[in-house]
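Okay, so here's the structure we're looking at.
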């Protein structure tokens, strides 16, 4: 067995395929959509309806961790075109935590859930030995009709690829919060405060539901760990396709650009909760973009999917091409690494 140390962050795809996906317990015909590459939620048949179920942790942030836990899990469900309705959570706290710590996290969860119309239905909370920072594992759920949803596995060759808002949104907010003291010596205070407020952009529920309702959506995915580059690969993995992406079409906020330049990280490989990747029938793509813009949501066609799964390229402004980077580890960890500042 290979004993090479794993990178920080998501388990690499080859280990998911060769290890994780080979140990899934009993097969059940009610599992309509189970574990596979690039798919972040399960679909389970319950009577004449289906339950869409997603689980994700928050491990790289301390500020607004409860807010993030609700929103990133709600996003995974919303990428199926369905509005999430239930949330459960497991809160793990370091030993020095106080009642105030618990209250702050729970207030954040409550506010985020109310904003999205979600009911918190239960969970677990504990102080855990060995933790240096809080960890929250969240679970979001929704119920819908059979067949009235999409997944990240539905893209087709020729479909257009749409990106909303821009790259690196969550990463920008987390780094601005966690590294504020060093950043305020090199970044304008108003820009730094604006970067911290990117937390308000984290939800993709509105744009996901709007896009699916408009029609023509074949797949959606929210790019979390690994950023937009990783998220594009995940749709391509799930759908068995290649992709070409136009780099000059990818929007990078000034706040993200400044922070990424300082830490020498790639905004396309920075955790990007708050952005939404949409695969759309080419006859509907412009209409979806215009519908989102009418609702004050930035959206741009940044590429298209192709038949050959080995062809995943980034096309630069001068027409040259390079392979679309597949992140080994999210660039958030490079910025948060304490050794960076030594």
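Values in this text are rule-based calculations from the coordinates and carry no lab data. These numbers come from a predicted model, not from an experiment. All Cβ positions, even for glycine, are placed from backbone atoms using ideal geometry, and neighbour counts span all protein chains on display.
Taking 10 °C and 1.306 mPa s as conditions, the stretch 147-220 diffuses translationally at an estimated 108 µm²/s according to Stokes-Einstein applied to its Kirkwood radius (Cα pairs). Dividing the alpha-carbon radius of gyration of the chain by the rule-of-thumb value 2.2 N^0.38 Å gives 0.96.
Run the numbers for residue 194 and residue 46: contour at 0.36 nm per residue of separation, minus the present Cα-Cα distance, in nm.
48.9 nm
Relative to its Kirkwood radius, the Cα radius of gyration of the stretch 286-342 gives an Rg/Rh of 1.14.
Rounded to whole Å, give me the distance from the Cα center of the stretch 13-84 to that of the stretch 198-216. Result: 18 Å between the Cα centres. How large is log10 I(q)/I(0) at q = 0.28 Å⁻¹ when the Debye formula is applied to the Cα atoms of the stretch 47-89, each weighted equally and without solvent? The Cα Debye sum returns log10 ratios of -1.02. On the beta carbon distance between residue 307 and residue 99, with R0 = 41 Å, the FRET formula returns roughly 0.10.
Run the Debye formula on the Cα coordinates of the stretch 226-317, all scatterers equal and no solvent, and tell me log10 I(q)/I(0) at q = 0.12, 0.15 1/Å. The Cα Debye sum returns log10 ratios of -0.41, -0.64. The P(r) of the stretch 117-160 has a tail past 12 Å containing 78 percent of all C-alpha pairs.
If Rh is defined by the Kirkwood formula over all Cα pairs and Rg also comes from Cα, what ratio Rg/Rh do you get for the stretch 160-341?
Ratio of gyration radius to Kirkwood radius: 0.98.
Above 19 Å lies some portion of the pair distances; for the stretch 128-188, what is it as a whole percent of all C-alpha pairs? Value for the stretch 128-188 (Cα pairs over 19 Å): 68 percent.
When only C-alpha pairs under 8 Å and at least 6 residues apart count, what is the relative contact order of the stretch 23-178, in percent?
Once normalised by length, the contact order is 31 percent.
The P(r) of the stretch 52-182 has a tail past 17 Å containing 63 percent of all C-alpha pairs. Here the stretch 160-197 is scanned for amide nitrogen atoms under 13 Å from the site 7 Å beyond the Cα of residue 257 along Cα-to-Cβ, giving 167. Each peptide among 249-255, 307-313 gets the average number of other Cβ atoms lying within 10 Å of its residues, and from highest to lowest they stand as 249-255, 307-313.
Highest mobility in the GNM of the chain, judged by mean-square fluctuation with C-alpha springs under 10 Å and restricted to 181, 99, 170, is found for 99. Here's the picture: a label point sits 7 Å out from the Cα of residue 214 along the beta-carbon direction, and within the stretch 302-330 the residues with their amide nitrogen under 17 Å of it are 302-305.
Relative contact order for the stretch 5-51: 25 percent, from Cα pairs under 8 Å spaced at least 6 residues apart, divided by residue count. Residue ranges 103-111, 10-18, 50-58, 32-40 sort as 50-58, 32-40, 103-111, 10-18 when ordered by packing (mean number of other C-beta atoms within 10 Å per residue, highest first).
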